[in-house]
Amino acid sequence: MARKFFGTDGVRGTANKYPMTAEMALRIGAAAGRYFRNDGSNGHRVVIGKDTRLSGYMFENALTAGLTSTGMNVLLLGPVPTPAVGMLTTSMRADLGIMISASHNPAQDNGIKFFGPDGFKLSDDAESEIERLLEGEVEPAQATNIGRAKRIDDGRFRYAERIKATFPHGMRLDGLKVVIDCAHGAGYKVAPEVLWELGATVIPVGTDPNGYNINENCGSTSPRTAAEAIVTHGADVGISLDGDADRVMILDENGQVADGDQIMGLFATRWAEQDRLRGGTLVATVMSNLGLERHLDERGLTLKRTNVGDRYVVEAMRAGGFNLGGEQSGHIVMTDYATTGDGLLAGLQFLSAMVETGRPASELSRVFETVPQLLQNVRFEEGADPLAQAPVKAAIAEAEATLNGQGRLLIRKSGTEPLIRVMAECTDDGLLAQVVDGIVAEVAAASSVNG
């Protein structure tokens, strides 16, 4: 069943513009509350976290109103990373976890992500049922059964202690100088604290949120700020998070960036050597570089690909019993420790590899040679459907024929923004540019309603 409001990572859009309005958030909260309190009993609870966007206050209050109207008790965590919500949903015996965040998007956007009682993101079927309730009339609770709401002061500290417990026992970061870029987002307090408590000399970047500057010229989607800090301070390594701290980029001592593919390649190789990689398999999406697949294949390991979206990675991991997966964009999922991508957790695992091997970040973060990959995004107007247009279909077919045996092509709609993503891989740079440019031109021409 096609979902009207939910994309690949919850409901997302521009704040105060449909569907990301306070009224809709209230209705979403009521629908989710009714779905999880379907037995009518009391004592159901939900934890709500948020990042540092100004609109988070509005959505936090609206969701709380909707949820309590159906009898759910609400525990407000304040600004915490998305993985903290997944963790605390289970540890606090909640029926539902909600994170208010638009992740790596700019400050004017916001979103609502859901976690089930097991700490994992909701399935498509569950989200579809919430949509069904959302479009109908949600029955409120009786006046005597309205839920309560209260703030939880120690959520960040619970998460910090759990994260530190994933670091090898007895290992310390003494002597390591670490730049941590928190993107003025949800990890702005907890990430520097954890690193310092483990012994590192910490150079914090992006730790002064004002409601408007989340992801602005910093964080995992703009690592230049962290790179400059590394060079300026002579740091050993950089950890660059996104706005809700569920994804990461690692920067070496020269400020060079390693994306999620390289990080997963390192972890998969090390875990396989330690007999920790379940099923000899890494789960990643169709966006991961062909070089990663070849690297794993040479070592007798398997790369299992999924649709784009960390939730689909996690679903495949759970179905196959695998414990390592993620995305090129920096979501690294380690189900031995967490239920969703966790940028700080992945950063700590990288730092533990540095300490254990004594090797610099520049060596550990270059695991395989990448196959040249080109990705371009084309924005389209609401109501347009460029991928359905005959010229676009013809351009894609021609590109696939051209790349046959030399590379691969992936065209898809973004699940979080009105974008068509055009990606190709090919060892011939000239052919790569030719193929992508040709498709992008046709998609751009078809991306307006009157196009």
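The values are calculated or read from the model by the stated rules, or taken from the named source; none is laboratory data. Just so it is clear, the model here is predicted, and its values are computed rather than measured. In this analysis, Cβ positions are derived from the backbone assuming ideal geometry, glycine residues included, and neighbour counts consider all displayed protein chains. Only protein heavy atoms, including side chains, enter the accessible area calculation; ligands, DNA and RNA are left aside. Shrake-Rupley method; radii C 1.70, N 1.55, O 1.52, S 1.80 Å.
Near Phe322, no amide H atom lies under 5 Å from its own; only residues 5 or more places off or on other chains count, and H is placed 1.01 Å from N. For the range 23-93, the solvent-accessible area with a 1.4 angstrom probe is 30 square angstrom per residue. Residues whose amide H comes within less than 5 Å of that of Gly7, counting only those at least five positions distant or on another chain, are Arg12 (H built at 1.01 Å from N in the peptide plane). Checking the table Lys50/Lys121; Lys4/Lys189; Lys113/Lys393; Lys50/Lys177 against a 27 Å threshold on Cα-Cα, which pairs fail? Over 27 Å apart, Cα to Cα: Lys4/Lys189; Lys113/Lys393; Lys50/Lys177.
Between the listed residues Gly56, Ala346, Ile239, the Cα displaced farthest toward the positive end of the dipole of the chain, a dipole computed from Cβ unit charges relative to the Cα centre, is found at Gly56. Sorting Tyr337, Tyr159 on solvent-accessible area from highest to lowest, probe radius 1.4 Å, gives Tyr337, Tyr159. Overall, the anisotropy analysis places the range 344-448 in the oblate class: the square-rooted eigenvalues a ≥ b ≥ c of its C-alpha gyration tensor yield a/c not less than 1.5, with a/b not exceeding b/c. Both the radius of gyration and Dmax for the range 104-152 are 14.9, 41 Å, in that order, over alpha-carbon atoms. Against the empirical 2.2 N^0.38 Å (N residues), the range 64-220 has a Cα radius of gyration ratio of 1.21. Charge dipole of the chain (Cα centre as origin; +1 on each Lys and Arg Cβ, -1 on each Asp and Glu Cβ, all else neutral): 1120 debye, rounded to the nearest 20. Near the amide H of Asn73, within less than 5 Å, lie the amide hydrogens of His44, Arg45, Val46, Arg148, all on another chain or at least 5 residues away, with H placed in the peptide plane. Protein heavy-atom surface of the chain, 1.4 angstrom probe: 47% of the accessible area is carbon and sulfur, with nucleic acids and ligands not counted. Taking the centroid of alpha carbons for each part, the range 221-252 and the range 332-407 are 18 Å apart.
A value for P(r) over Cα pairs in 20 Å bins from 0, in percent was derived from the coordinates, and within the list (1) 22, 45, 24, 8, 0; (2) 26, 59, 15, 0; (3) 25, 57, 18, 0 it appears as (3).
Among beta bridges from DSSP that stay inside the chain, the antiparallel ones total about 50%. For the range 311-451, the per residue solvent-accessible surface stands at 42 Å², with DNA, RNA and ligands left out and a 1.4 Å probe.
Starting from the Cα gyration tensor of the range 271-374, take the square roots of the eigenvalues, sort them a ≥ b ≥ c, and report rounded, prolate or oblate (rounded when a/c is under 1.5, otherwise prolate if a/b is larger than b/c, else oblate). It is rounded, given that a/c, with a ≥ b ≥ c, falls under 1.5.
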